[in-house]
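The values are calculated or read from the model by the stated rules, or taken from the named source; none is laboratory data. Worth saying up front: this structure is predicted, and the values here are computed from it rather than measured. Cβ coordinates were reconstructed from backbone atoms using ideal geometry, including for glycine residues, and neighbour counts include every protein chain displayed.
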Amino acid sequence: MLVKASFVGKTLEMKSSIILIFFLLSLPGVCQNTNPRAKYYGKYSTKGLVVQIAQIDSSLVLIVPGAPPQLLIHVEGNKFKTNTFGDESFTFSEKNGKVEEMISQRTGGSLKLKKISDTPDNLNDTDSLLPLRKTTDHFSFYYSHVDSGEINALADKLESDYLKIVSDFKIENLPTTVVRIYPDLQSFHKGINFPNAPNNLLATAFGKDDFRMASPKSVGADSSFLYKGMAHEFTHCVHLNIDYSPNNPRWLWEGVAMYEANWFLDPKEISAIRHKKFPHLASLDNGMEYTLGFVIIEAINDIWGFETIIKLIKKKGDSFAVLQIREKEFEKKIFDHIYGKYILNSH
């Protein structure tokens with residue numbers, strides 16, 4: 001950008017309007033006809049969720065908070081699909097030649113997002129904040145001097161968790177997972193394309209081989225919470241290697257990660273469980289997917305074995321496809337097991 005600005009300045013000093021016009025027309029995006037995809041650029045919002053359409057390395061991409069950019073592949077007209085989700089498409093609606101809305105369509109429903117800005121955020125690469133490197137058998141850590149004193153302990157614990165997790169999933173040939181530990185919450189949120197994230201978002205899986213977190217020193221996390229959090233996010237990475245469907249369904253996505261991180265929360269603390277008012281799995285949200293996550297997956301493992309958990313991931317939680325059991329019966333078996341193990345046997 002500095003080079004271009006300097007050149008324009010010198011051109012103006014030469015007072016050569018012909019050269020200036022030629023130069024301006026050669027700049028990407030200055031003339032609408034030179035970049036027809038520019039009309040899609042910007043921010044789109046619905047119910048507080050803001051996603052962005054931008055250009056990275058000459059490719060049109062979708063930027064979703066907490067996830068890596070997804071390449072948009074042109075289908076026809078104003079319709080695109082992603083390189084990640086085969087069943088998802090994005091259609092842009094126009095009025096008077098201006099894009100006003102994006103419609104996300106996926107198996108099971110659609111979502112309309114209103115365009116709120118023609119300019120996406122400048123989400124610059126934040127790896128410059130992470131100058132230090134440590135490599136272990138299965139992980140590459142990018143971190144700052146803030147965490148140099150704890151990195152060996154973090155790496156040893158994560159390598160230990162790795163052995164249990166991949167053994168449970170019976171998975172081989174996982175890619176080396178990059179772990180980025182940002183020096184503060186602000187740089188972490190920017191590093192996951194979510195600059196306005198809530199302060200309680202401290203770590204996230206960022207793809208099949210990448211998870212990111214804020215420095216434990218910057219957020220005051222104790223070692224127990226931190227270790228469980230790392231195992232939790234790495235489990236999400238493993239999940240994505242089995243089936244790239246984050247949060248689909250959410251109870252399974254978070255439940256498996258809670259279980260593999262050995263993050264047990266006592267169901268006796270939940271009134272609905274004590275009084276046998278069991279929720280539907282699909283309704284678990286607002287923290288309940290975490291609170292009940294461990295015991296739900298534990299129940300599935302106790303009743304049907306871990307192989308069933310793997311199959312459920314591949315079938316996106318479809319109990320009938322895996323067990324030939326309808327959803328209502330599946331849920332009853334799970335919660336009856338939880339009730340018997342933690343409520344009846346606690347007296």
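Quick look at the numbers
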quantity	calculated
In the stretch 95-116, residue farthest from R37 (Cα to Cα) [restricted to those that are among the hydroxyl-bearing types (S, T, Y) and in a strand (DSSP E or B)]	S110
Residue match in the stretch 53-74 (condition: assigned to a loop (DSSP other than H, G, I, E, B) and of a type in the set (A, V, I, L, M))	yes
Positions within the stretch 78-89 being in contact with a strand residue (DSSP E or B) (Cβ under 8 Å, 6 or more places away or on another chain) and in a loop (DSSP other than H, G, I, E, B), in sequence order	N78, N83, T84, F85, D87, E88
The stretch 303-327, residues that are among the charged types (D, E, K, R) and under 29 Å from the mean Cα position of the chain (by Cα)	E307, K311, K314, K315, K316, D318, E327
Test: F92 is outside any strand (DSSP E or B) and among the hydrophobic types (A, V, I, L, M, F, W, C)	no
Residue in the stretch 305-312 that is of a type in the set (D, E, K, R) and either assigned to a loop (DSSP other than H, G, I, E, B) or within 26 Å of Y162 (Cα to Cα) (or both) present	yes
Residue satisfying condition, being surrounded by fewer than 18 Cβ atoms within 10 Å (Cβ to Cβ) and out of contact with any His (no Cβ under 7 Å at 6 or more places or on another chain), within set P216, P198, P183	P198
Hits in the stretch 96-132 (condition: of a type outside the set (K, R) and at pLDDT below 85)	T107, G108, G109, D121, N122, L123, N124, D125, T126
Qualifying residue in the stretch 36-51 (condition: part of a loop (DSSP other than H, G, I, E, B), modelled with pLDDT of 50 or more, among the charged types (D, E, K, R) and not assigned by TED's automatic domain parsing to the domain that holds F194)	yes
Whichever residue in the stretch 210-231 is within 13 Å of the chain's Cα centre (by Cα) and not basic (K, R) and, among such residues, is nearest to Y182 (Cα to Cα)	M213
Filter pass, E260 being out of contact with any strand residue (DSSP E or B) (no Cβ under 7 Å at 6 or more places or on another chain), free of Cβ contacts under 8 Å to residues at least 40 places away in the same chain, among the charged types (D, E, K, R) and closer than 27 Å to N345 by Cα	no
Top-ranked residue in the stretch 326-347 [being surrounded by 15 or more Cβ atoms within 10 Å (Cβ to Cβ) and among the aliphatic types (A, V, I, L, M); ranked as farthest from L292 (Cα to Cα)]	I343
The stretch 120-150, subset among the aliphatic types (A, V, I, L, M) and either touching a residue at least 24 places away in the same chain (Cβ under 8 Å) or in a loop (DSSP other than H, G, I, E, B) (or both), residue farthest from K39 (Cα to Cα)	V146
Meets criteria (touching a helix residue (DSSP H, G or I) at 6+ places or on another chain (Cβ under 7 Å), surrounded by fewer than 17 Cβ atoms within 10 Å (Cβ to Cβ), of a type outside the set (D, E) and not in a strand (DSSP E or B)) for K157	yes
Yes/no for I296 being surrounded by 19 or more Cβ atoms within 10 Å (Cβ to Cβ), part of a helix (DSSP H, G or I) and of a type in the set (A, V, I, L, M)	yes
Candidate set from the stretch 236-285 (those that are part of a helix (DSSP H, G or I) and of a type in the set (V, I, T)); member that is farthest from E159 (Cα to Cα)	I273
Condition check for S110: in contact with a Lys or Arg (Cβ under 6 Å, 6 or more places away or on another chain), in the same structural domain as S45 (by TED's automatic domain parsing) and polar (S, T, N, Q)	no
Residue identified as without any contact (Cβ under 8 Å) to a residue 12 or more places away in the chain and among the hydrophobic types (A, V, I, L, M, F, W, C) among F188, F206, F225, F211	F225
